[in-house]
1. Given the peptides 23-31, 234-242, 68-76, arrange them by the average over their residues of other C-beta atoms within 10 Å, most packed first.
2. Which of His62, His185 has the fewest other C-beta atoms within 10 Å, and how do the rest follow up to the most?
3. Over the alpha carbons of the chain, what is the largest minus smallest coordinate on each principal axis, giving the biggest first in Å?
4. Working out 0.36 nm times the residue gap between Arg31 and Leu205, then minus their Cα-Cα distance, what length gain in nm do you get to one decimal?
5. Go through region 29-41 residue by residue and turn each phi into a ³J(HN,Hα) via Karplus (6.51, -1.76, 1.60, θ = phi - 60°); whole Hz please, and just put x for glycine and proline.
6. Would you order Asp244, Asp141 from fewest to most other beta-carbon atoms within 10 Å of each residue's own beta-carbon?
7. Quickly estimate the mean residue ellipticity at 222 nm for the chain, helices only: each DSSP H run with n ≥ 4 gives -39500 (n - 2.57), and the total goes over all residues, rounded to 500.
8. Suppose the chain between Arg279 and Glu215 were pulled fully straight at 0.36 nm per residue; how much longer would it get relative to their current alpha carbon spacing?
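Derivation of every value follows stated rules applied to the coordinates shown; laboratory data play no part. Note that the structure is a prediction, hence the values are computed from the model and not measured. Note that each Cβ is placed from the backbone with ideal geometry, even for glycine, and that neighbours are counted across all protein chains shown.
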Amino acid sequence: MSDAMGEPSTSAVSAVADPADTEVEATLRPRRLTEFIGQPRVREQLELVLEGARRRGDPPDHVLLSGPPGLGKTSLAMIIAVELGAAMRVTSGPALERAGDLAAMLSNLLPGEVLFIDEIHRIARPAEEMLYLAMEDFRVDVVVGKGPGATSIPLDIAPFTLVAATTRTGALTGPLRDRFGFTAHMEFYQPAELEQVLRRAATILRVDLRPDGAEEIAGRSRGTPRIANRLLRRVRDYAEVRADGAVTRAVAQAALTVYDVDDLGLDRLDRAVLNALVRSFGGGPVGVSTLAVAVGEEPATVEEVCEPYLVRAGMLARTPRGRVATAAAWRHLNLEPPPRALAGSPAPPAAGEPPPALFGL
Ligand SMILES: Nc1ncnc2c1ncn2[C@@H]1O[C@H](COP(=O)(O)OP(=O)(O)OP(=O)(O)O)[C@@H](O)[C@H]1O
Ligand SMILES: [Mg+2]
């Protein structure tokens with residue numbers, strides 16, 4: 001991500017893992033289902049799937065974990081293997097470029113093992129087709145040779161459980177989605193659940209986290225444990241350098257101001273988008289490309305990085321005619337919402353999308 005001046009800026013509230021997260025997350029990952037906080041529905045359903053399989057002595061159905069980044073999909077995949085007492089092999093959609101890569105992984109599986117495919121929506125088509133048969137019949141067809149002389153040799157593979165994760169269920173093909181016996185939709189976490197995540201992380205990282213400090217950080221974590229844990233680390237630094245080490249509400253507030261994270265968890269770009277929408281376009285409706293130009297960002301960044309949380313926080317509405325600021329957005333910028341924002345019905349004229357030729361889009 002870059003800001004309007006073209007300088008790189010890593011947001012403290014990005015849900016996507018950065019290299020620093022990866023290292024510490026390994027120590028913070030819950031290991032067992034009972035340690036996994038929140039997601040009560042998913043946890044209960046998964047408990048039944050795993051217990052049923054245990055009693056029958058079969059590998060459980062294939063599991064699809066879907067949801068936004070940082071909500072615990074990888075953690076849950078690892079927990080499934082631990083709960084089954086099975087080894088786990090890990091790969092990802094982008095790594096399975098050729099069907100042969102997948103065939104090699106599948107034929108090396110031992111009975112009952114878990115194969116974890118992260119970012120499954122990015123799997124290449126031939127590998128995906130191979131996966132259908134593997135998931136259904138525990139078989140792969142290995143193609144030998146090329147062109148008209150090519151023959152396919154069926155090969156039995158060990159019964160296994162596929163656990164796949166995706167941030168974009170919509171990008172999966174129907175046939176692939178249908179082959180999962182169980183799909184877990186991960187939801188954003190409630191503030192109280194994030195406080196629990198924070199308390200657990202504070203114990204592991206030996207941070208003196210006070211209840212009001214936990215509440216303050218949880219409220220700014222955008223419903224996402226990864227963000228909560230990252231903000232805790234930033235606040236800890238501040239607490240150690242500029243205070244006495246204790247993470248209180250006042251320390252959390254001061255620290256997160258330094259990192260440009262406001263009381264709702266909005267960062268600079270989120271606020272820039274709201275500001276442009278409200279101040280430059282009168283609250284909208286305005287097309288996403290126009291909005292993106294106004295804040296000096298790619299439309300995809302605005303659409304995929306900012307908007308989901310702004311929509312969820314009730315600040316921005318996506319309408320067929322463009323993006324509209326809600327009354328809450330005006331208030332968040334300390335402005336009086338106009339009557340149409342209060343009524344929830346945006347008024348014309350629409351600022352609309354620019355003519356495509358204008359921006360070469
Ligand atoms: N339910 C939870 N309880 C406690 N900690 C959690 C929970 N869910 C996630 N976390 C924490 O958040 C971090 C990120 O979770 P994880 O890597 O599993 O997310 P993910 O959904 O796989 O993200 P991505 O889409 O980026 O792969 C974990 O290391 C863990 O510390
Ligand atoms: Mg993951």
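1. Values: 23-31: 13.6, 234-242: 17.7, 68-76: 21.7.
Final packing ranking: 68-76, 234-242, 23-31.
2. Details: His62 21, His185 13.
Going from least to most buried by this count: His185, His62.
3. Rounded to whole Å, the extents work out to 68, 57, 37 Å.
4. On the way: separation 174, 0.36 × 174 = 62.64 nm, distance 1.61 nm.
Working it through step by step, the gained length comes to 61.0 nm.
5. 5, x, 9, 10, 4, 5, 7, 6, 8, x, 6, x, 5
6. On the way: Asp244 9, Asp141 15.
Ranking Asp244, Asp141 by Cβ neighbours within 10 Å, fewest first, gives Asp244, Asp141.
7. Working: 16 runs with 155 residues, N = 361.
Rounded to the nearest 500, it is -12500 deg cm²/dmol.
8. Values: separation 64, 0.36 × 64 = 23.04 nm, distance 3.16 nm.
Value of the extension gain: 19.9 nm.
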